[in-house]
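Participant: Sending over a structure as structure tokens; questions will come in a sec.
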Amino acid sequence: MSVPVLSCRGLRKVFGGHVVLDDLDLDVAEHEVVALIGASGSGKSTLLRCVNLLEEIDDGTIGLDGEHITDPRTDPDLVRRRIGIVFQSYNLFPHLRVLDNITLAPVRVHRRDRAEAEAQARELLARVGLAEKAGDYPDRLSGGQQQRVAIVRALVNSPRLLLLDEVTSALDPELVGEVLTMIRDLKADGMTMVLATHEMGFAREVADRVCFLDGGRVIEDGPPEQVLGEPTQPRTRQFLRRIIEAGRLQVG
Amino acid sequence: MKLTDHHPSPIARERAGYRKRQTVRSVLVAAASTGVLGTLLVLAVTGSPGWERVRQSFLDPRIGREALPEILTGLWLNVRLLFFCALGALALGLLVAVLRTLRGPVFFPVRALAAGYTYTFRGLPLIIVIYVLTLGVPGLRLQGMPPVLILGGIALVLTYGGYLAEVFRAGIESIHPSQLAAARSLGLTYRQTMRHVVLPQAVRRVAPPLLNDVVALQKDVGLVSLAGPIDAVRAAQIATAESFNYTPYIVAGVLFVLLAIPLIAVTDWVTLRAARRQAAR
Ligand SMILES: Nc1ncnc2c1ncn2[C@@H]1O[C@H](COP(=O)(O)OP(=O)(O)O)[C@@H](O)[C@H]1O
Ligand SMILES: [Mg+2]
């Protein structure tokens with residue numbers, strides 16, 4: 001374990017006078033899966049968007065493999081090619097077929113041979129059981145299928161780090177499983193991931209660490225059994241109690 | 001069970017039969033009411049006291065036939081102007097719309113220029129632009145001045161480019177920011193995002209209003225005749241002045257409508273398709 005893949009130090013992000021991230025620290029080691037939990041509006045999405053340089057931070061530093069990517073002299077486009085992100089609402093390109101959604105970045109950004117990129121895309125699609133959807137437009141697919149395509153699209157760039165922002169929140173309950181299975185397989189392949197989630201059961205199963213975000217910081221950070229089972233912070237306990245009341249986490 | 005194995009139940013067959021009878025009935029009713037209305041209209045017009053006079057001065061077949069070649073020659077000019085001006089205005093409009101989306105202080109002058117252009121040319125009456133370009137500009141007596149027809153075409157492109165730029169811009173702004181975020185997150189540069197993600201969706205979305213403006217342009221290209229070139233309407237005007245009969249105008253009008261029909265049909269088809277795609281979501 002040498003340099004962490006992701007290393008956030010003293011992150012601060014303000015939206016119009018409202019401090020969303022406040023002196024936040026977070027390290028993610030290679031092959032590690034970190035689950036971000038926290039109330040709605042606690043800044044999970046904001047943190048992921050900052051890491052992917054979709055938002056500009058107001059203070060602190062973000063390191064990717066030890067390189068300061070928040071240095072204004074780095075080219076954000078180059079950094080983003082090493083980080084994949086998947087959004088809650090899939091954000092597939094509706095005017096492109098599934099295959100073209102996936103090959104757009106490899107062909108246009110990485111200048112790879114189209115035939116080769118398509119072959120790889122088809123293989124990835126086949127692995128998640130979507131081989132026959134390659135020629136369809138996204139609006140012909142179910143939510144779960146669209147989200148799996150979005151994950152494939154992020155993976156085809158071979159990112160060092162994959163960010164998943166509540167990727168199952170927009171899905172019907174019976175479609176959640178197929179997406180979670182895919183993430184489980186990614187963990188088995190050793191992908192380094194940070195995932196914001198409301199699926200506490202899944203966080204417990206797949207995450208190496210769970211981080212609880214509150215007041216713009218990570219106020220509790222540890223193995224899932226500890227953070228979800230016997231949290232030390234009153235705020236965490238309060239949050240988990242509400243989650244249990246809402247029926248999203250089995251006790252015990 | 002296969003699709004073909006299915007035998008409709010008596011209720012389904014009864015429903016289908018009822019719908020079919022209803023359809024036949026509607027067609028018959030539509031035909032009858034159209035026939036009655038048409039007959040009444042023809043009787044009212046031809047039975048009016050002034051009908052003979054109007055028919056002689058607006059619908060004289062001989063005069064119409066004599067004026068036709070001149071009008072067709074003029075119409076060919078309209079068609080060529082429409083083709084090149086539509087292409088030019090679409091290209092200019094798209095360029096200006098994209099320039100207006102550029103962010104950053106470096107592009108401030110470009111943005112300001114593009115915004116100033118759309119404000120000016122959307123406000124300026126086309127006739128004035130044509131006069132300034134075809135009468136004013138040649139007055140500069142510069143070397144290599146293009147002919148009046150080209151200058152008139154430039155006037156049309158400038159004016160319609162202003163309208164089309166706003167249509168394109170509305171389309172670009174209608175694309176949800178999450179599409180940009182998705183594209184940028186994949187490592188696409190701003191240019192690549194515009195080219196491969198934003199513009200293809202934006203253009204599809206505004207295709208109906210764009211085509212509508214092209215239909216409007218088709219009627220306005222004739223205004224270059226103010227500067228001398230003879231288009232279909234001007235040819236009809238000349239023929240009318242010679243024969244003291246208005247039939248050439250009717251001939252030109254019918255030809256314009258015939259010319260517009262395919263364009264309008266394409267517009268309707270594109271609009272319908274866009275609406276269907278929207279509904280499918
Ligand atoms: N682009 C933005 N402009 C202004 N406020 C924002 C923006 N994005 C997020 N916020 C605010 O930041 C806070 C954190 O939001 P978010 O990161 O989406 O939380 P979470 O993902 O944990 O639900 C919220 O109060 C939200 O209103
Ligand atoms: Mg969120």
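Participant: What FRET efficiency, computed as 1/(1 + (r/R0)^6) with R0 = 35 Å and r the Cβ-Cβ distance, is obtained for B:Asp5 and B:Trp269, rounded to the nearest 0.05?
Facilitator: That gives a FRET efficiency of 0.40.
Participant: With a 1.4 Å probe and all protein chains left in place, how much of the accessible area of segment A:86-158 comes from carbon and sulfur atoms, in whole percent?
Facilitator: That share works out to 43 percent.
Participant: Restricting the calculation to Cα positions, tell me the Rg (one decimal) and the Dmax (whole number) of the protein assembly as shown in Å.
Facilitator: For the protein assembly as shown, the Cα radius of gyration and maximum Cα-Cα distance read 32.8, 102 Å.
Participant: If you consider only alpha-carbon coordinates, what radius of gyration and Dmax does segment B:81-177 have, in Å?
Facilitator: Computed over the Cα atoms of segment B:81-177, radius of gyration and Dmax are 14.9, 50 Å.
Participant: Taking R0 as 22 Å, what FRET efficiency do you get between A:Arg242 and A:Glu205 from their Cβ-Cβ distance, rounded to the nearest 0.05?
Facilitator: Approximately 0.55, to the nearest 0.05.
Participant: Any chance you could give the angle, 0 to 90 degrees and rounded to 10, that helix A:143-155 forms with the longest Cα principal axis of chain A?
Facilitator: Rounded to the nearest ten degrees, it is 90.
Participant: What does DSSP give for chain A in terms of the percent of beta bridges that are antiparallel, rounded to the nearest 5?
Facilitator: 55
Participant: So, in nm, how far is label A:Glu30 from label A:Arg114 when the simple model puts each one 7 Å beyond its Cα toward the Cβ?
Facilitator: For the pair A:Glu30/A:Arg114, the computed spacing is 3.6 nm.
Participant: Something else about it: Any chance you could give the angle, 0 to 90 degrees and rounded to 10, that helix A:234-245 forms with the longest Cα principal axis of chain A?
Facilitator: It works out to around 60 degrees.
Participant: With the solvent-accessible surface defined on protein heavy atoms using a 1.4 Å probe, which residues belonging to segment B:185-209 display a reduction of at least 20 Å² in accessible area in the multichain context relative to the isolated chain?
Facilitator: Buried on complex formation: B:Ser185, B:Leu186, B:Gly187, B:Leu188, B:Thr189, B:Gln192, B:His196, B:Val197, B:Gln201, B:Arg204.
Participant: Determine the total buried accessible area between chain A and chain B, counting protein heavy atoms only with a 1.4 Å probe; round to the nearest 100 Å².
Facilitator: Roughly 1900 Å².
Participant: I would also like to ask the following. State the percent of C-alpha pairs, over all pairs in segment A:130-232, separated by a distance greater than 20 angstrom.
Facilitator: 44
Participant: Now for a separate question. Compute the projected area of the convex hull of the Cα atoms of segment B:109-254, averaged over all viewing directions, and report it in nm² to one decimal place.
Facilitator: Average of the hull's projected areas for segment B:109-254 equals 12.3 nm².
Participant: Taking chain A as the reference, fit the longest principal axis to its C-alpha atoms, fit the long axis of helix A:98-108 to the helix C-alpha atoms, and give the angle between the two in degrees, 0 to 90, nearest 10.
Facilitator: 90
Participant: With every protein chain present, what is the per residue accessible area of segment A:1-141 (1.4 Å probe, Å²)?
Facilitator: Value for segment A:1-141: 45 Å² per residue.
Participant: Calculate, for A:Arg73 and A:Val19, the FRET efficiency according to 1/(1 + (r/R0)^6) with r their C-beta to C-beta distance and R0 25 Å; round to the nearest 0.05.
Facilitator: About 0.40, to the nearest 0.05.
Participant: Restricting to the protein assembly as shown, compute how many DSSP beta bridges are antiparallel as a %, nearest 5.
Facilitator: 55
Participant: When only alpha-carbon atoms count, how far does chain A stretch along each of its three principal axes, as whole angstroms with the largest first?
Facilitator: 54, 46, 38
Participant: So who's got an amide H within less than 5 Å of the one on A:Leu6, skipping anything under 5 residues away but keeping other chains? H placed 1.01 Å off N, in plane.
Facilitator: Result for A:Leu6 returns A:Val28, A:Asp65.
Participant: In segment B:1-139, carbon and sulfur make up what percent of the accessible area (probe 1.4 Å)?
Facilitator: Using a 1.4 Å probe with all protein chains present, segment B:1-139 comes out at 72 percent carbon and sulfur.
Participant: Now a separate question. Once the cut-off is 13 Å, how many percent of the Cα-Cα pairs in segment A:85-141 end up in the long-distance tail?
Facilitator: Taking all Cα-Cα pairs of segment A:85-141, the fraction more than 13 Å apart is 61 percent.
Participant: Please compute the alpha carbon radius of gyration of segment B:34-98, then divide it by the globular-protein estimate 2.2 N^0.38 Å. Two decimals is fine.
Facilitator: 1.97
Participant: Can you give me the orientation-averaged projected area of the convex hull built on the Cα atoms of segment A:1-75, in nm²?
Facilitator: That works out to 5.3 nm².
Participant: Does anything in segment B:101-130 have its amide N under 11 Å from the 7 Å Cα→Cβ label point of B:Leu140, and if so which residues?
Facilitator: Hits in segment B:101-130 for B:Leu140 at 11 Å: none.
Participant: Which distance in nm do the two modelled labels at B:Ser178 and B:Arg122 give, with both placed 7 Å along the Cα-to-Cβ direction?
Facilitator: Each label point lies 7 Å from its Cα, and together they span 2.9 nm.
Participant: Could you check the simple spin-label distance between B:Arg15 and B:Val45, using points 7 Å along Cα→Cβ, in nm with one decimal?
Facilitator: 4.6
Participant: Shifting gears a bit: Translational D (Stokes-Einstein, µm²/s) of segment B:1-138 at 20 °C and 1.002 mPa s when Rh comes from the Kirkwood sum over C-alpha pairs?
Facilitator: Translational D for this selection: 91 µm²/s.
Participant: Stokes-Einstein D for chain B at 20 °C, 1.002 mPa s, Kirkwood Rh over Cα pairs, in µm²/s?
Facilitator: 91
Participant: While we're here: Okay, helix-only estimate at 222 nm for the protein assembly as shown: each DSSP H run of n ≥ 4 adds -39500 (n - 2.57), divide by all residues, round to 500 deg cm²/dmol; what do you get?
Facilitator: Mean residue ellipticity, 222 nm, calculated: -18500 deg cm²/dmol.
Participant: I would also like to ask the following. Scanning chain B for helices, which whole DSSP H stretches are 30 Å or more long along the axis (Cα) and average 0.0 or more by Kyte-Doolittle?
Facilitator: Those that clear 30 Å and a mean of 0.0 are B:10-46, B:61-101, B:148-173, B:247-280.
The values are calculated or read from the model by the stated rules, or taken from the named source; none is laboratory data. Only a predicted model underlies this, so the values are computations on that prediction, with no experimental measurement involved. Glycine gets a Cβ as well: all are built from the backbone with ideal geometry, and neighbour counts include every protein chain shown. Accessible surface areas use protein heavy atoms only, side chains included; no ligands, DNA or RNA. Shrake-Rupley method; radii C 1.70, N 1.55, O 1.52, S 1.80 Å.
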